[in-house]
Amino acid sequence: MARAALPRRLSWQAAEVVELVDETAGARSIVLDLDDWPGHRAGQHVDVRLTAEDGYQAQRSYSIASAPEDGHLVLTVERLEDGEVSPFFHNVAEVGDEIELRGPIGGHFVWSIEDGGPILLIGGGSGVVPLISMLRHRAAEGSNTPMALIYSARTEDELIYRDELVAMYVEDWIAGDQKCIRLILRQRCKRSFDSLLITGLQQAKL
Ligand SMILES: Cc1cc2nc3c(=O)[nH]c(=O)nc-3n(C[C@H](O)[C@H](O)[C@H](O)COP(=O)(O)OP(=O)(O)OC[C@H]3O[C@@H](n4cnc5c(N)ncnc54)[C@H](O)[C@@H]3O)c2cc1C
């Protein structure tokens, strides 16, 4: 997965669903296995294409959540009840299914360790997906590049990757890099998230 993303003609390829992870009640991660993935940079996305039995096709874009270093490609899809494609991943998709995708796509909104920092990441709802790829890339490389994440969600329960973000914060704190990852949340979520951070830090002290 860590191979450099070289410019090449994009073609559709089959991806097998190997795991489905419910991140929140409305957001699910789809872990995919691909035979011929050229590698990606954190921040890029893919196009996903679904084909019905009668040949009807629907195509949507999804950001890549996994780090370039990960062994699988991970997408996180938020369910829109009246949507055409996103409910498929929540109500229909099963481990072992095959979908089609092409990518990676996008060359401007990307970040690699070599680009340095400090970095300010701002996202709301599923907009956090490409940002977690950058945070995961940073963690996978053991980098202490300062990164601040401003993340907006309606409620604490809708914070995608909540526990992972807490763990990243605590890990930085243990390493003595308290000024590295900063998490700034919308006020409504902030109090409970702060208590999660405090609990995580207290456990780390033990
Ligand atoms: C670069 C990029 C990255 C993205 N990354 C992510 C990601 O990581 N995670 C994620 O969850 N999403 C992401 N998206 C959004 C994703 O591509 C889809 O738009 C989203 O999943 C909704 O698709 P859907 O088929 O479920 O809904 P759609 O069927 O596309 O419907 C979307 C909304 O539009 C309404 N609508 C549809 N047709 C009409 C019409 N004719 N008139 C009026 N209203 C209509 C529907 O009722 C619904 O509320 C990304 C988009 C882009 C462009």
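Read-outs: derived from the displayed coordinates by stated rules, not from any lab. All values reported here derive from a predicted model rather than from experimental measurement. Glycine gets a Cβ as well: all are built from the backbone with ideal geometry, and neighbour counts include every protein chain shown.
In table form, for the structure just shown:
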{"read-out": "Whichever residue in region 23-66 is among the hydroxyl-bearing types (S, T, Y) and out of contact with any Asp or Glu (no Cβ under 9 Å at 6 or more places or on another chain) and, among such residues, is farthest from E78 (Cα to Cα)", "value": "Y56"}
{"read-out": "Given (1) within 18 Å of the chain's Cα centre (by Cα); (2) more than 16 Å from the ligand (Cβ to nearest atom), index of the condition S11 fails", "value": "(1)"}
{"read-out": "Strands (runs of 3 or more DSSP E) contained entirely in region 55-152, each with at least 3 residues that are more than 13 Å from the ligand (Cβ to nearest atom) and free of Cβ contacts under 8 Å to residues at least 40 places away in the same chain", "value": "119-124, 147-152"}
{"read-out": "Residues that are of a type in the set (S, T, N, Q) and within 26 Å of E16 (Cβ to Cβ), drawn from region 96-135", "value": "S126, S133"}
